[in-house]
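A short reminder: the numbers here are calculations on the coordinates, not readings from a lab. Because the structure is a prediction, the values reported are computed rather than measured. Methodologically, a virtual Cβ is constructed for each residue, glycine included, from the backbone with ideal geometry; neighbour enumeration extends over all protein chains shown.
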Amino acid sequence: MSKDTVGKTFTVAAVLCVVCAVVVATAAVSLRPQQQLNKELDLKSNILASAGLLQAGVPIEKQFEAVTVKVVDMATGKFTDAVDPQSYNQRKASKDPAQSQALSGDEDIAKIKRRANYATVYLIETDSGIDKVILPVKGYGLWSTMYGFVALEADLATVAGIGFYEHAETPGLGGEIDNPSWKASWQGKRAYDSDGQLALKVIKGRVDTEREGANYQIDGLAGATLTTRGVDNLIRYWLGESGFAGFINHLKQGEA
């Protein structure tokens with residue numbers, strides 16, 4: 001009689017499925033700590049890069065020792081000890097109604113729906129005080145929510161840099177937010193005018209450097225109107241009164 005019965009075929013297939021599942025599950029569990037570590041290192045490298053501080057060939061953890069991580073209460077604009085800055089996850093908190101607030105249509109210009117009650121910020125400090133402040137930002141572009149950081153210089157009015165670490169914008173168009181040349185164009189631009197009012201704007205087209213106000217303007221992305229508008233909106237939100245403006249003012253006055 002033939003040994004190749006239907007029952008034996010199903011048995012062998014079932015055993016193979018179980019073995020493969022065990023192997024995959026074991027690999028996933030064993031690699032999870034390394035994956036988490038890599039994710040944290042990638043985030044730290046993006047924080048450093050947004051401020052122009054990332055050094056090639058130097059361990060990320062070593063470089064990040066220069067960064068002070070703190071949490072800001074977005075309602076008061078002041079530092080808070082309500083949550084641990086090392087374990088607090090602002091992204092998860094923004095999705096939790098108990099840890100965030102819903103935004104109305106008029107104020108939700110960045111299309112983020114909810115804003116976490118607390119925000120993690122990153123400070124570069126020297127003996128003379130704060131050298132740079134790195135702020136988390138996010139906002140919707142054409143296809144996706146863009147997550148990144150904006151860094152301000154010690155005067156808290158001049159842009160030190162910008163960078164996005166996650167998005168799904170169109171490569172070659174909206175995806176040009178990753179273009180080093182475009183990111184470099186932000187450095188030295190003024191975020192706030194002499195009266196402390198938000199003046200930074202991402203415009204449609206190219207900035208005319210000969211015209212007044214050019215130091216408050218950023219080139220738009222060619223062929224990516226909605227992504228350009230999305231970046232402008234997230235800047236207006238996070239550097240505006242609904243975002244970090246209160247915190248920045250407190251910091252300037254030494255009251256944060």
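Quick notes on this structure:
- Sparsely packed chymotrypsin sites (Phe, Trp or Tyr not before Pro) within the stretch 38-111, loop by DSSP, other Cβ within 10 Å at most 11: none
- With helices as the sole contributors, the chain gives -10000 deg cm²/dmol at 222 nm; each DSSP H run of n ≥ 4 counts as -39500 (n - 2.57), and the sum is divided by every residue.
- Using every pair of separate Cα atoms, the Kirkwood estimate puts the hydrodynamic radius of the stretch 172-239 at 12.3 angstrom.
- Excluding exposed DSSP-loop trypsin sites (Lys or Arg not before Pro) (at most 13 other C-beta within 10 Å), longest clean stretch of the chain: 4-94
- Radius, Kirkwood style, for the chain when every pair of distinct Cα atoms is counted (Å): 20.4 Å
- Residue 244 long-range amide H proximity, modeled H, under 5 Å: 239
- Share antiparallel - DSSP beta bridges, the chain, percent rounded to 5: 95 percent
- Taking 0.36 nm per residue of separation and subtracting the current Cα-Cα distance, fully stretching the chain between residue 125 and residue 226 would add 32.7 nm.
- Over the stretch 100-176: Kirkwood hydrodynamic radius from C-alpha pairwise inverse distances, Å: 14.2 Å
- Once both labels are positioned 7 Å from their Cα atoms along Cα-to-Cβ, the gap between residue 39 and residue 95 label points is 1.0 nm.
- Spin-label pair residue 154/residue 82, simplified geometry with 7 Å Cα→Cβ offset, distance in nm: 3.2 nm
- Long-range tail of P(r) for the stretch 143-182 (Cα pairs > 14 Å, %): 51 percent
- Set of lysines near residue 201 by C-alpha distance (under 25 Å), chain-local residues within fewer than 8 positions excluded: 111, 113, 132, 138, 183, 189, 252
- Applying 1/(1 + (r/R0)^6) with R0 = 22 Å to the Cβ-Cβ distance of residue 187 and residue 210 gives a FRET efficiency near 0.65.
- GluC sites (Glu not before Pro) restricted to the stretch 49-112 and DSSP loop, no more than 11 other C-beta within 10 Å: 65
- Whole-number percent relative contact order across the chain, with pairs defined as alpha carbons under 8 Å at least 6 apart: 16 percent
- Average projected area [Cα convex hull, the stretch 58-153], square nanometres: 8.1 nm²
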